[in-house]
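*Asks:* Questions regarding the structure given below will be posed in turn.
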Amino acid sequence: MAAKTDMPFDFDMSKYLTEMKVPGVDMDAMVATQQKNLEALTAANRLAFEGMQAIMKRQTEIMRQAVEESAAAATGVAGAQTPTDKMVKQTEVTKETFERTISNMRELSELVAKSNTEVLDLLNKRFAEVLDEVKTTVAKSGQQIPGAAKK
């Protein structure tokens, strides 16, 4: 029977980083920052997924509606008595279909934009927080680093 080998990447990175003792660097703060970054990315992925689900749901509704309207339009055109009436009916159906398609495309575009905005707002907020955290950490560590320039 083969001996069990340990996975080379099977370790707790946060524990490893906090055990590192780098002069002037608060490893606990770095680990906490990375944890917050991962939480923000997870939340952003969840928002993006929910946004795509909403878009796909609406696309499905639009498709179902289009099929129903196409069947009704075909019945309406077939029911016209003269070739002129059929042409008028086809023109009306074409115009209505075109206008509805543009409206649906606009709606889907707005859904995509809304989803993207929510995700980017969340990431932008976290990025601003990271910059503040880095600024604070650098300000603290600048006083602790041996040989660091003093103001």
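*Asks:* Suppose we filter Thr84, Thr101, Thr137, Thr91 for residues that are under 28 Å from Met27 (Cα atoms), out of contact with any His (no Cβ under 8 Å at 6 or more places or on another chain) and either of a type outside the set (D, E, K, R) or in a helix (DSSP H, G or I) (or both); which single one remains?
*Replies:* Residue meeting the stated conditions: Thr137.
*Asks:* Might you check whether a residue that is within 30 Å of Lys125 (Cα to Cα) and modelled with pLDDT under 90 occurs anywhere in region 51-70?
*Replies:* No, every residue in region 51-70 fails to be within 30 Å of Lys125 (Cα to Cα) and modelled with pLDDT under 90.
*Asks:* List pairs: first in region 51-64 and farther than 11 Å from Ser115 by Cβ, second at pLDDT 95 or above and of a type in the set (A, V, I, L, M, F, W, C), Cβ under 9 Å, 6+ apart or cross-chain?
*Replies:* Note: pairs meeting the criteria are Arg58/Leu108; Arg58/Leu111; Gln59/Leu108; Ile62/Leu108.
Yes or no, residue by residue, for (1) over 24 Å from the mean Cα position of the chain (by Cα); (2) over 30 Å from Gln34 (Cα atoms):
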| site | (1), (2) |
| --- | --- |
| Pro83 | yes, yes |
| Lys89 | yes, yes |
| Asn116 | no, no |
| Glu129 | no, no |
| Val134 | yes, no |
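*Asks:* Looking only at residues that are β-branched (Val, Ile, Thr) and surrounded by 11 or more Cβ atoms within 10 Å (Cβ to Cβ) in region 71-90, which one is modelled with the lowest pLDDT?
*Replies:* Top of the filtered list is Val77.
*Asks:* In the set Ser115, Ser109, which member is modelled with pLDDT of 95 or more, hydroxyl-bearing (Ser, Thr, Tyr) and surrounded by fewer than 12 Cβ atoms within 10 Å (Cβ to Cβ)?
*Replies:* That would be Ser109, the only listed residue that is modelled with pLDDT of 95 or more, hydroxyl-bearing (Ser, Thr, Tyr) and surrounded by fewer than 12 Cβ atoms within 10 Å (Cβ to Cβ).
The values are calculated or read from the model by the stated rules, or taken from the named source; none is laboratory data. This is a predicted model, so every value here is computed, not measured. We place every Cβ from the backbone using ideal geometry, glycine too, and count neighbours over all the protein chains shown.
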